[in-house]
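Student: Mind looking over this structure? Questions follow.
The values are calculated or read from the model by the stated rules, or taken from the named source; none is laboratory data. Since the model is a prediction, treat every value here as computed from it, not as a measurement. Here the Cβ positions follow ideal geometry from the backbone for every residue, glycine too, while neighbour counts run over all protein chains shown. Side chains are part of the model used for accessible areas, which takes the heavy atoms of the whole protein and leaves out ligands, DNA and RNA. Shrake-Rupley method; radii C 1.70, N 1.55, O 1.52, S 1.80 Å.
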Amino acid sequence: MNIDTGLGLERMARILQKVPNNYETDLILPIIEKASELANVSYGISDDQTKRYLKIVGDHMRAIVFLISDGVVPSNVGRGYVVRRLIRRVVRTGRLLGIKGDGRGDLEGAFLPTIAEKVVELSTHIDADVKNRAPRILEELKREELRFVQTLERGEKLLDEKLADAISSAERNGSVPCLAGEDVFILYDTYGFPMEITKEVAEERGVSIDMNGFDIEMEKQRRQSQAAHNTVKLAIGSGTNISDNVPDTEFIGYESLYCKAIVASLVVNGDPAVQVSEGSNVEVLLNKTPFYAESGGQIGDHGFLYISEGENQPKAVVEIIDVQKSFGNIFVHKGRVQKGVVEVGKQVEATVDVKLRQRAK
């Protein structure tokens, strides 16, 4: 007989460490203290709202670091969308806490990597892979935060404009000012504003929110997100599907975790590319592959693609961090060019991470 009591690691730690909540255990509190340091506040003597913000940062940063370490990169589809939403909420919350810059003198710098370093430190004896992957994790967080900050500033401006419009319209019509559900959703989905933050700012200005309209837009998004998750689409800028010109991928991953293959196509930010250089994120389509694509609940393989040049020295290296299927049986290898240049038509040596495959099995 097996009974699920709901007593997870955090709750057990809370009992053993005799603290009032999960956030004040040694699993999360050091992360909160790092955020407090950057915000120049003290968690212990802060008001309830400040404590809530610090808890959000501590909890979310822990999840984000482990997710990216396991190969879930920020995107607008499926689990990648979850990571992106978590990151955006932490960035927004950090701004509400008054965090400015990276805490090391660069006021325009990203603060997420600074807090993430504490998460990596705490994870060293739990999951050694996190430390090994730390450079990639920190770089991903830095890039995502700096990109989002620009969007966030536009969103704050848009919220001010929408609130002013709602107040002005209500004054003309003699009604109670109300922010349209569609506007709230745009702020939530496009600019990363948590709905409760929009609601809080609106209430401060005496404006209510059309929650029914917001829920309708959310439901539309859920349906679209589910459809996108079920089929990874390779639509390119012209509106054509790149999969029209790419044959199904021959999968040999049950027989071997290594093979030589030909690069059938490269995709960068949804557009086809003939070659991709070092430092770029890329989606690689091969004529055959040993990489298992995410299916039936099992995660996709990780590993590397190598292009050799004489004496078995790698000319180019691509780290593969996720594999998905598109339009039936086309395998999409998602990764980052760590070294050199990858070109369509070149032969690669595709090698699966054996340890990860064994754990997945």
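Student: Rounded to the nearest 10 degrees, what's the angle between the helix 195-204 long axis and the longest principal axis of the chain, both from Cα atoms, 0 to 90?
Tutor: That helix lies at roughly 20 degrees to the long axis.
Student: Can you give me the angle between helix 78-97 and the longest principal axis of the chain, using Cα atoms only, in degrees from 0 to 90, rounded to the nearest 10?
Tutor: For helix 78-97, the angle is close to 40 degrees.
Student: So which trypsin sites (Lys or Arg not before Pro) in region 1-52 are both in a DSSP loop and have at most 16 other Cβ atoms within 10 Å of their Cβ? Walk me through the numbers on the way to the answer.
Tutor: Working: sites: R11, R14, K18, K34, K51, R52; in loops: K18.
In loop regions of region 1-52 (DSSP not H, G, I, E or B), the sparsely surrounded trypsin sites (Lys or Arg not before Pro) are K18.
Student: Rounded to a whole number, what is D in µm²/s for region 250-358 from Stokes-Einstein with the Kirkwood radius over alpha-carbon pairs (4 °C, 1.567 mPa s)? Let's see the in-between values first.
Tutor: Details: Rh = 13.6 Å.
The Stokes-Einstein estimate is 95 µm²/s.
Student: With the other protein chains left in place, how much accessible area per residue, in square angstrom, belongs to region 320-361 at a 1.4 angstrom probe? If you can, show how the numbers build up before the last one.
Tutor: On the way: 1980 Å² over 42 residues.
I get 47 Å² per residue for region 320-361.
Student: Determine which lysines satisfy two conditions relative to K346: a Cα distance under 21 Å, and not lying fewer than 8 residues away in the same chain.
Tutor: Of all the lysines, those that pass the test against K346 - Cα under 21 Å, at least 8 places apart if same chain - are K260, K288, K315, K334.
Student: Follow-up question, since we're still on this one. Run the reach check for K199 against lysines, Cα to Cα strictly under 29 Å, same-chain hits fewer than 8 apart removed. What comes back?
Tutor: K34, K51, K55, K100, K142, K157, K162, K220
Student: Would you work out what percent of the accessible area of the chain, with all protein chains in place, is carbon or sulfur (probe 1.4 Å)?
Tutor: 48 percent
Student: Hey, another quick one. Provide, for q = 0.19, 0.20, 0.21, 0.22 Å⁻¹, the log10 of I(q)/I(0) from a solvent-free Debye sum over equal Cα point scatterers in region 5-70.
Tutor: Treating every Cα as an identical point scatterer, log10 I(q)/I(0) equals -0.76, -0.82, -0.89, -0.95.
Student: Quick one: compute a quarter of the convex hull surface over the Cα atoms of region 158-220 and quote it in nm².
Tutor: Working: hull surface 15.5 nm².
Result: 3.9 nm².
Student: Follow-up question, since we're still on this one. For T289, what charge total do you get from the other residues with a beta carbon under 10 Å from its beta carbon, if Lys and Arg give +1 and Asp and Glu give -1? Intermediate results must be reported in sequence, preceding the final value.
Tutor: Working: positive: K288; negative: E250, D301.
Here the count lands on -1.
Student: Then there is this: Consider just the alpha-carbon atoms of region 113-171 and return their Rg together with their Dmax, both in angstrom.
Tutor: 19.4, 61
Student: Once Rh is set to the Kirkwood radius over Cα pairs, what Stokes-Einstein translational diffusion coefficient, in µm²/s, holds for region 9-153 at a temperature of 20 °C and a viscosity of 1.002 mPa s?
Tutor: On the way: Rh = 15.4 Å.
Result for D is 139 µm²/s.
Student: Using Cα atoms only, what is the angle between the long axis of helix 211-230 and the major principal axis of the chain, expressed in degrees (0 to 90) to the nearest 10?
Tutor: Helix 211-230 sits roughly 10 degrees off the main axis of the chain.
Student: Give me the Kirkwood hydrodynamic radius of region 32-77 in Å, from all C-alpha pairs, to one decimal place? List each step's numbers first, then the result.
Tutor: Numbers: mean 1/r = 0.0849 Å⁻¹.
Kirkwood radius, region 32-77: 11.8 Å.
Student: Excluding residues fewer than 8 places away in the same chain, name every one of the lysines whose C-alpha is closer than 17 Å to that of K18.
Tutor: none
Student: Over the residues of the chain, compute the C-alpha Rg and express it relative to 2.2 N^0.38 Å. Walk me through the numbers before you get to the answer.
Tutor: On the way: Rg = 23.2 Å, N = 361, 2.2 N^0.38 = 20.6 Å.
In units of the globular-protein estimate, the chain measures up at 1.13.
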